[in-house]
Structures are given as structure tokens and as C-alpha cells.
Amino acid sequence: MIVIAHLSDIHIDSAPRSRRRARAVVDYLDSLAYDFDAVIVTGDVADNGQETEYAWVRENVLGSRHPVLACPGNHDRRDAFRRVLLGSEPPSPEAPVNQVLRGDGFVVALCDSSVPGKDEGFLEEETLDWLEAELARTPEGTPVLVGFHHPPTPLGIPFVDGIRQFGEDRLAALLRRHPSVTALLCGHTHTAAATSFADRPVLVAPGVVSMSKLPWEQSGDPRDYVYRDEMAPALAFHLLSDDGRLTTHYRSVPTA
């Protein structure tokens with residue numbers, strides 16, 4: 001059985017609150033008597049894209065005892081993300097940050113859906129070509145989880161739906177050519193959710209820093225759109241069984 005922990009939207013800034021919540025999740029994972037095959041973070045790693053924020057993430061999140069892989073979100077800056085978290089200089093400051101993890105019997109491909117200077121998402125042609133190549137060289141029958149920050153389909157939350165991933169027809173066409181893609185993993189919405197896209201499950205990790213209020217939970221005040229300390233940080237666990245079945249569990253983590 002393959003088990004992958006999935007967190008998103010940690011939004012690390014200079015304040016202790018975001019760091020406390022992220023640290024609680026990492027401490028929880030590290031305290032478990034289990035070796036996860038991977039921990040993935042689907043974007044909005046830093047809140048302001050500052051190198052000091054990424055330095056904290058490098059030490060406190062990537063420093064987990066489990067293998068950790070992250071992709072950028074709309075709050076991240078590609079150049080600082082790559083320099084501090086990956087230890088490399090980008091070919092250009094705006095080059096997308098795409099990463100792959102090839103494990104024992106599975107593949108995780110994290111795509112950069114961020115658009116510099118914008119909140120909505122889009123997979124650049126360079127990213128789609130990269131993903132196509134990674135899928136083409138994956139042995140037939142090996143399950144692949146494809147992740148990115150922005151969901152490629154509406155989720156019924158108007159604010160988030162307006163800044164989701166667009167140009168998604170190109171991704172759908174790619175997925176039709178590669179049946180080995182088992183599921184799509186993302187964040188951005190700050191709420192646990194599950195839907196489908198191109199006949200694949202879309203599994204959304206809840207927010208670590210905060211939780212979005214669903215439309216029927218809001219009071220009508222435009223500022224009333226998120227739970228901050230009323231809800232604990234949370235994450236998802238994705239289980240790939242030996243027969244290829246994917247199961248997801250969600251778990252909240254107390255901060256004190």
C-alpha cells in the first residue's frame with residue numbers, strides 16, 4: 001500500500017500563527033510510527049513570496065523525516081521558490097517550477113499552475129509538454145498522481161471558482177491520452193473537497209492556514225468568507241492499494 005500525505009495553503013509569513021499551524025501538521029506527521037511514501041504541498045507555500053518565508057519552510061516543512069515535494073501557488077514567487085527550496089537558479093525568473101517524484105510503484109508529478117502577477121491558474125505549454133514527457137516515460141500500469149495548486153473545474157464557491165485553473169481543455173486532452181493518471185490533486189480552495197474532471201477524481205486538500213466558508217455558511221458580509229482559528233488545520237491522506245484503488249481520508253490536527 002502506498003500512502004501519500006497531502007497538505008496545501010500553508011501561507012507562511014512572518015507572523016507566528018501561520019508557522020504554528022504548519023508546524024503542528026508537520027509534527028503530527030513526523031510523530032506517527034509510519035513512513036509515508038511522500039508528503040506533497042500543493043501551493044501557496046509562502047504568503048508573500050519572500051525568501052525569509054521560504055527559508056522557514058525549508059527548515060520546518062521540507063525538514064520532515066518524510067520525502068517532501070511542493071509546487072507553487074498564486075501567492076508564491078517562482079524565482080524565490082526555486083532558489084531557496086530547490087537550491088537552484090531558474091533558467092529565467094518566470095520559468096515554471098515542475099517536479100516529479102518516482103517512487104516504488106507510483107509517480108507524483110507536480111505542475112506549476114501559477115501565473116506570475118495573477119491569482120487564477122493556467123498550465124503553460126512548457127508545463128504540459130513536461131507532463132506529457134513524464135507520463136510517456138512512465139511504465140504502463142504505474143499509477144500517476146498529477147498535482148497543481150488550482151483546481152481545473154468549478155467547486156461551487158464563487159470567489160474561488162473565479163480564480164481557478166483556466167485553459168483546462170488542454171489538460172483534459174492530455175489526460176485522455178494517458179489512462180495511467182489515477183487522480184488530480186490540488187489546493188487553493190482552503191477546504192476539503194472532491195469532484196471529477198476528465199473522468200478522473202479531483203481531490204482537494206483543506207487549507208492549513210485557514211478554511212474557506214461555503215456559500216451557505218457566510219453571513220453576507222464580504223469579509224465573512226473564511227474560518228481562521230475556529231477550525232484546526234487539516235490535511236489529506238491518499239492511499240493507493242495494491243489493486244490500484246485510490247482512497248482518501250481527511251484529518252484535522254489540533255494546534256495545542
Could you list, in sequence order, all residues of segment 3-35 that are among the charged types (D, E, K, R) and touching a Pro at 6+ places or on another chain (Cβ under 6 Å)? ARG21
Yes or no: GLY244 over 18 Å from LEU185 (Cα atoms) and either in a loop (DSSP other than H, G, I, E, B) or modelled with pLDDT of 95 or more (or both)? no
Does segment 24-45 hold any residues that are crowded, with 18+ Cβ neighbours inside 10 Å and not small (Gly, Ala, Ser), and which are they? VAL25, VAL26, LEU29, PHE36, ASP37, VAL39, ILE40, VAL41, THR42, ASP44, VAL45
So, in segment 124-158, how many residues would count as being assigned to a helix (DSSP H, G or I) and exposed (fewer than 14 other Cβ atoms within 10 Å of the Cβ)? 7
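Residue-by-condition table, conditions (1) touching a Gly at 6+ places or on another chain (Cβ under 6 Å); (2) part of a loop (DSSP other than H, G, I, E, B); (3) under 28 Å from LEU29 (Cβ atoms):
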site	(1), (2), (3)
VAL160	no, no, yes
ASP169	no, no, no
ALA173	no, no, no
ARG176	no, no, no
THR182	no, no, yes
HIS188	no, yes, yes
THR195	no, no, yes
LEU203	no, no, yes
TRP216	no, no, no
Kindly evaluate GLU89 against the criterion of being closer than 27 Å to PHE159 by Cα and without any contact (Cβ under 8 Å) to a residue 60 or more places away in the chain. no
One residue is enough: does segment 213-233 have a residue meeting the conditions touching a His at 6+ places or on another chain (Cβ under 9 Å) and touching a residue at least 60 places away in the same chain (Cβ under 8 Å)? no
For segment 109-124, pairs from a residue that is more than 18 Å from PRO93 (Cβ to Cβ) and modelled with pLDDT of 95 or more to a residue that is crowded, with 18+ Cβ neighbours inside 10 Å and of a type in the set (Ser, Thr, Tyr), with Cβ under 7 Å and 6 or more apart or across chains, are CYS111/THR127; GLY121/SER113; GLY121/SER114; LEU123/SER113
Which of the residues that make up segment 65-81 are among the hydrophobic types (A, V, I, L, M, F, W, C) and touching a residue at least 40 places away in the same chain (Cβ under 8 Å)? LEU69, ALA70, CYS71
Kindly establish whether GLY220 is out of contact with any Gly (no Cβ under 8 Å at 6 or more places or on another chain), surrounded by fewer than 20 Cβ atoms within 10 Å (Cβ to Cβ) and farther than 28 Å from ASP129 by Cα. yes
For segment 32-50, which positions are acidic (Asp, Glu) and out of contact with any helix residue (DSSP H, G or I) (no Cβ under 9 Å at 6 or more places or on another chain)? ASP35, ASP37, ASP44
Hits in segment 4-23 (condition: surrounded by fewer than 16 Cβ atoms within 10 Å (Cβ to Cβ) and farther than 17 Å from ARG58 by Cα): ARG17
Residues satisfying the stated conditions in segment 218-227, i.e. in contact with a Lys or Arg (Cβ under 8 Å, 6 or more places away or on another chain) and either outside any loop (DSSP other than H, G, I, E, B) or of a type outside the set (Phe, Trp, Tyr) (or both): ASP224, VAL226, TYR227
Kindly indicate whether any position in segment 71-87 is closer than 19 Å to LEU239 by Cβ and crowded, with 19+ Cβ neighbours inside 10 Å. no
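The values are calculated or read from the model by the stated rules, or taken from the named source; none is laboratory data. Remember, it's a predicted structure, so these values are computed and weren't measured experimentally. Using ideal geometry, Cβ is built from the backbone for each residue, glycine included, and neighbour counts are taken over all protein chains shown.
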